[in-house]
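One structure below.
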Amino acid sequence: EHSSDTSSPSSNTSLIQMPEQQSTGAYGGVQAQGGVYTTALRVQQDNTKHTTDKQPKAWPLLKRLKTFIILCVLVLCMWLTYSDSESVVFHLEPAKRLPALAHDVPSCSPKNHIMFLKTHKCASSTVQNIFLRYGYKNNLTFALPIEDNYLGNGKHFKASMLPKVLTPPSGKVDIFAVHTRLEPSQHRQVLPDDTIWLTVVRDPTTLYESLFNFFRMAEPYGYNISLDSFSEIPLEKLLKLPRLYLKFGKNQMLFDFGYNEDIPMWELQEVIHDIDSLFHIVLVAEYLEESLILMKHLLCWSLHDIVFFTKNARTSKFKHKLSYETMRVIRKVNSADVLLYDHFLAKHREAVLKFGLKRMKDELAELRALRDEYHEDCGIREVNGKDSRLDFPEYSFQVEAYLVNNTDETCQLMSLPELPFLDKLRLHQRASLIKKNG
């Protein structure tokens, strides 16, 4: 459920604009121009002023040699100033090709208790894969439905929904990272007290377009209307459209957060405040890489823990280009989600500024370089989600999948679709619990 049609991780979207590198020489290009160049002129003027007839005959030769050296310095300074930024003395590479740090080992203790509210069509499958890999690698326990990927299936979560055969005797798990409709008091019953709460939001316009087309809501079994016709339909009628399967519809994020989709606007600010108080970090799909960097530091994880391949992203042929008028109407239909998103987008921007723009730029470069290394080492090839060569096809033919030319477990897990991954975890967790508890 990745926001590939807005600003996906693979498109390197970032609040940090990556400027072209300044030309720098052995002493820094600008400084060399202003310092060496000026000093050279002074040396030349002083030598001319103090030259006398009493100097030995060898002096004209020394004078010519000094003049030649000064001219060489001037030429070097001008060359450093105007040469192309990628061909200066040190042959600097663009940021995206910088190697990832090999010593990326946190000095703090990693956080292993995670509550990730998997919101629909918000790049949440990409983020989920990070948590599933981490938990599997570290032998942690998960909140898992007996089948599929939704605990509650549109109803508010209850602790009793966890199947006993997949739940430790304590009734608590380390990681909750499947779809659920939030009910904080019930979720706390199945999670440790020191759990870190996270989720992800997305621009409601592109979220709704993705939701509408991914679940084919224009079909007769859905709303039987197209998105393009929204601008011709009275707003009152659009606001009354029912939730498809009692799960999908307007203000989808607010619904996933457990609230009424038609909550009065005068209550919404208090709702947003409550959500803000509950979650330690709210990731933003349009700035996912930056969000993951911030999350990495909160969780005390490494870059290898958060590196990813985009999951569940629709191919370009299935992306619907919206007119301005259609986007305007969609925002009205999803007005509560718009306010929710704007709040957390502003908070994300503040967090990035506090983190440091230069620091963020450097860590983004490391993350992207590491992802490129995994992409090459794993022999990744992007194909249609239902390609016959896939051992584990994706949920939909609309999305991209990955053929992997490497048997390495990390490569396999990074490319594994959500449903097969959850099946793998169910088998692993059931066997572990039987072995541990008899």
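The values are calculated or read from the model by the stated rules, or taken from the named source; none is laboratory data. Source: prediction; values computed, not measured. We place every Cβ from the backbone using ideal geometry, glycine too, and count neighbours over all the protein chains shown. Side chains are part of the model used for accessible areas, which takes the heavy atoms of the whole protein and leaves out ligands, DNA and RNA. Shrake-Rupley method; radii C 1.70, N 1.55, O 1.52, S 1.80 Å.
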Inset, instruction - Report, by residue number, each residue of the stretch 233-251 that is in contact with a helix residue (DSSP H, G or I) (Cβ under 8 Å, 6 or more places away or on another chain), outside any loop (DSSP other than H, G, I, E, B) and of a type outside the set (A, V, I, L, M). - result: Phe248
Legend entry - Residues within the stretch 182-221 that are in a strand (DSSP E or B) and open to solvent by less than 10 Å² (accessible area, probe 1.4 Å), tallied: 4
Inset, instruction - Using the structure shown, decide if Glu289 is more than 20 Å from Phe176 (Cβ to Cβ), at pLDDT 95 or above and touching a Leu at 6+ places or on another chain (Cβ under 6 Å). - result: yes
Inset, instruction - Give the stretch 271-310 a look and list any residue that's of a type in the set (Asp, Glu), over 20 Å from Gly135 (Cβ atoms) and crowded, with 20+ Cβ neighbours inside 10 Å, or say none. - result: Glu286, Glu289, Glu290
Inset, instruction - Run Asn153 past the list (1) farther than 13 Å from Met115 by Cα; (2) assigned to a helix (DSSP H, G or I) and report the number of the one that doesn't hold. - result: (2)
Legend entry - Test set (1) at pLDDT 95 or above; (2) open to solvent by 10 Å² or more (accessible area, probe 1.4 Å) - Leu246 fails condition number: (1)
Inset, instruction - Restricting attention to the stretch 404-419, report how many residues are closer than 16 Å to Glu147 by Cβ and either in contact with a Pro (Cβ under 9 Å, 6 or more places away or on another chain) or small (Gly, Ala, Ser) (or both). - result: 1
Legend entry - Residue, surrounded by the most Cβ atoms within 10 Å (Cβ to Cβ), within the stretch 400-432, restricted to residues that are charged (D, E, K, R) and under 21 Å from Cys378 (Cβ atoms): Glu418
Inset, instruction - For Lys321, indicate whether it is open to solvent by 50 Å² or more (accessible area, probe 1.4 Å), farther than 30 Å from Ser109 by Cβ, over 21 Å from the mean Cα position of the chain (by Cα) and at pLDDT below 95. - result: yes
Inset, instruction - Collect the residues in the stretch 107-117 that are under 17 Å from Leu425 (Cβ atoms) and either in a strand (DSSP E or B) or within 14 Å of the chain's Cα centre (by Cα) (or both), keeping them in residue-number order. - result: Ile114, Met115, Phe116
Inset, instruction - Output the number of the condition that Lys296 fails; it satisfies all remaining conditions of (1) more than 22 Å from Thr195 (Cα to Cα); (2) at pLDDT 95 or above. - result: (1)
Inset, instruction - Look through Asp262, Asp276, Asp342 and report the one residue that is of a type in the set (Asp, Glu) and at pLDDT below 95. - result: Asp262
